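To keep things clear, I will list the structure first and then write my remarks on it.
The values are calculated or read from the model by the stated rules, or taken from the named source; none is laboratory data. In this text the structure is predicted, and so the values were computed from the model without any measurement. Ideal geometry is used to build each Cβ from the backbone, glycine not excepted, and the neighbour counts take in all protein chains shown. For the accessible areas, the whole protein counts, side chains as well, though only heavy atoms, and no ligand, DNA or RNA atoms are used. Shrake-Rupley method; radii C 1.70, N 1.55, O 1.52, S 1.80 Å.
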Amino acid sequence: KLRRNDPNDQAIPLNKESVFIPDASAGIYYDRETFFAGFAMSNLFNNEYVYEGVNNRSLSGNLFRHSYLYTGAIFPVSPKIKITPAILGKYVSGAPIQLDINAIAVYNEMLSLGMGYRTDNSIAGIFRFTVKKKISVGYSYDFATSPMGTYHRGNHEVMLTYRLLFPTPPGQKIV
């Protein structure tokens, strides 16, 4: 059970609170053998929400639109090793632009090791093992390089990926 230090804290409701806020997200992704790029936006409706708290006080906020731009390339180093650098740019109105810069080495299409850097925030180590062509498992650990690092000892992330691979219809060429 959650205990509040301040019984008048409006950010923590006493009861279950639920509200319906319709929204939409959209994106596009381009993928070739040695290059990929994408663009996406979330919170397209830029909704505002209001929480009516206790003592006739209310809190409000906005679900600001988020924009993401992603690109990278695949460089074969040898018949069994590929290096994939990638960059993800994130923009939200009123916040600084944030970049995720990553590089991953892939061995034999099965084992991946990499590093990542998030501007003014964190550094990460990445590991992934492909069990079958469609299934992979991974792990990453990141630790903060920002002042928030004094409040936590890093983040662990475990990933399970299932890829939907659709065959190219006979007679069609991938452009």
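Things worth noting here:
- Förster radius 35 Å - calculated FRET efficiency between ALA26 and GLU109, Cβ distance, rounded to 0.05: 0.70
- Label corresponding to semi-axes √(5λ) of the Cα gyration tensor in Å when calculated from the structure given, among (i) 26, 17, 13; (ii) 39, 22, 17; (iii) 39, 16, 15: (ii)
- Neighbour-limited loop hits for chymotrypsin sites (Phe, Trp or Tyr not before Pro), segment 117-175 (at most 10 other Cβ within 10 Å; DSSP other than H, G, I, E, B): TYR151
- Built amide H within the under 5 Å cut-off of ASN47, gap 5+: LEU63
- Accessible surface for the chain, divided over its residues, is 78 Å² per residue with a 1.4 Å probe.
- On the beta carbon distance between ALA37 and LYS133, with R0 = 30 Å, the FRET formula returns roughly 0.80.
- Too-long pairs where the Cα-Cα distance tops 25 Å, listed order kept, from LYS80/LYS133; LYS80/LYS134; LYS90/LYS132: LYS90/LYS132
- With at most 14 neighbouring Cβ atoms within 10 Å, loop trypsin sites (Lys or Arg not before Pro) (DSSP) excluded, longest segment of the chain: 81-131
- Residue by residue, segment 97-106 carries 3J(HN,Hα) couplings of 5, 10, 10, 10, 10, 10, 9, 10, 9, 10 Hz when phi is fed to the Karplus relation 6.51 cos²θ - 1.76 cosθ + 1.60 (θ = phi - 60°); x denotes Gly or Pro.
- Remark: segment 120-128, residue by residue, has Karplus-estimated 3J(HN,Hα) of 6, 9, 7, 10, 10, x, 10, 9, 9 Hz, where x stands for each Gly or Pro and the curve is 6.51 cos²θ - 1.76 cosθ + 1.60 at θ = phi - 60°.
- Exposed loop sites were defined as GluC sites (Glu not before Pro) in DSSP loop states (anything but H, G, I, E or B) carrying at most 12 other C-beta atoms within 10 Å; in the chain the longest segment without such a site runs 34-108.
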